[in-house]
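One structure is given here, and the rest of the page talks about it.
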Amino acid sequence: MGIVESLQNRRSYYNIKKELPFEESEVIELIKKLTELVPDAFNMKSSRVVVALGEKQERLWDAAYEAFEGEVPKKKIDGFRAGAGTVLYFYDNQIVENMQSQFPLYKDNFPVWASQSSGMLQISVWSGLRELGIGASLQHYNPVIDENVQKLFDLPESYRLVAQMPFGGIVEEPEAKEKEDISKRVQIEK
């Protein structure tokens with residue numbers, strides 16, 4: 001499958017289940033490989049990934065619900081909890097700070113570049129999961145859940161949570177997306 005087809009097939013799947021069409025170990029290897037392949041400015045390797053599975057998957061979404069003190073509907077959180085796992089995306093701020101001190105001329109850019117690398121990793125993993133027939137969605141419950149996530153996974157304080165990607169077997173396909181007028185977003189000049 002080519003990159004365009006892979007991105008066309010990537011959608012936000014909210015109705016997911018624990019059963020996967022591939023072995024859990026294959027999913028983990030895919031995530032590791034993509035994390036290794038995605039570029040990062042100055043080769044700083046700032047991206048960090050935690051894959052929550054099994055009991056940790058359930059505890060993650062329970063902790064998210066608790067962090068919001070009921071402000072997010074339980075049914076919505078339970079939809080993410082119903083998946084096989086969640087990919088948590090971080091960047092290591094200690095690495096960013098080290099790069100800032102080594103290259104002061106670019107100091108302000110390193111946090112931006114770390115976020116860009118994380119974004120490339122997110123779309124790569126999301127598309128890769130879809131190629132395996134696995135559904136996922138990208139969530140942003142940070143910073144509200146940051147403290148709970150740090151404690152649950154015993155992570156260094158330097159890890160900055162960027163996004164959460166619950167994934168699982170596909171229960172149903174989402175509705176078709178309306179085609180946009182891309183000329184409103186892409187300008188061609190000669």
TODO: Could you check how many residues of region 1-57 are exposed (fewer than 12 other Cβ atoms within 10 Å of the Cβ), among the small types (Gly, Ala, Ser) and at pLDDT below 95?
DONE: 1
Task: Only listed residue being under 13 Å from TYR14 (Cα atoms), modelled with pLDDT of 95 or more and not hydrophobic (A, V, I, L, M, F, W, C), chosen from GLY169, GLY133 - done: GLY169
- [ ] Just give me the residues in region 13-43 being of a type outside the set (Val, Ile, Thr) and touching a Ser or Thr at 6+ places or on another chain (Cβ under 8 Å), in sequence order.
- [x] TYR13, TYR14, LEU34, LEU37, PRO39, ASP40, ALA41
Open item on the list: So, in region 160-183, how many residues would count as being over 14 Å from the mean Cα position of the chain (by Cα), surrounded by 11 or more Cβ atoms within 10 Å (Cβ to Cβ) and not in a loop (DSSP other than H, G, I, E, B)?
Closed with: 2
Task: Qualifying residue in region 71-88 (condition: under 14 Å from ASP40 (Cβ atoms), surrounded by 14 or more Cβ atoms within 10 Å (Cβ to Cβ), modelled with pLDDT of 95 or more and not charged (D, E, K, R)) - done: no
Task: Conditions (1) surrounded by 14 or more Cβ atoms within 10 Å (Cβ to Cβ); (2) in contact (Cβ under 8 Å) with a residue 40 or more places away in the chain; (3) not aliphatic (A, V, I, L, M): number failed by GLU147 - done: (1)
TODO: Report, by residue number, each residue of region 44-60 that is more than 15 Å from LEU161 (Cα to Cα) and either in contact (Cβ under 8 Å) with a residue 24 or more places away in the chain or touching a Gly at 6+ places or on another chain (Cβ under 9 Å) (or both).
DONE: MET44, LYS45, LEU53, GLY54, LYS56, GLN57, ARG59
Open item on the list: Please pick out the residue among TRP113, TRP126 that is in a helix (DSSP H, G or I), within 25 Å of ALA82 (Cα to Cα) and in contact (Cβ under 8 Å) with a residue 12 or more places away in the chain.
Closed with: TRP126
Open item on the list: For the structure I just gave you, tell me whether ASN142 is over 14 Å from the mean Cα position of the chain (by Cα) and of a type in the set (S, T, N, Q).
Closed with: no
TODO: Scan PHE42, PHE80 and give me the residue that is among the aromatic types (Phe, Trp, Tyr) and farther than 22 Å from GLU131 by Cα.
DONE: PHE42
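The values are calculated or read from the model by the stated rules, or taken from the named source; none is laboratory data. This one's a predicted model, so the numbers in the text were calculated from it and none came from an experiment. All Cβ positions, even for glycine, are placed from backbone atoms using ideal geometry, and neighbour counts span all protein chains on display.
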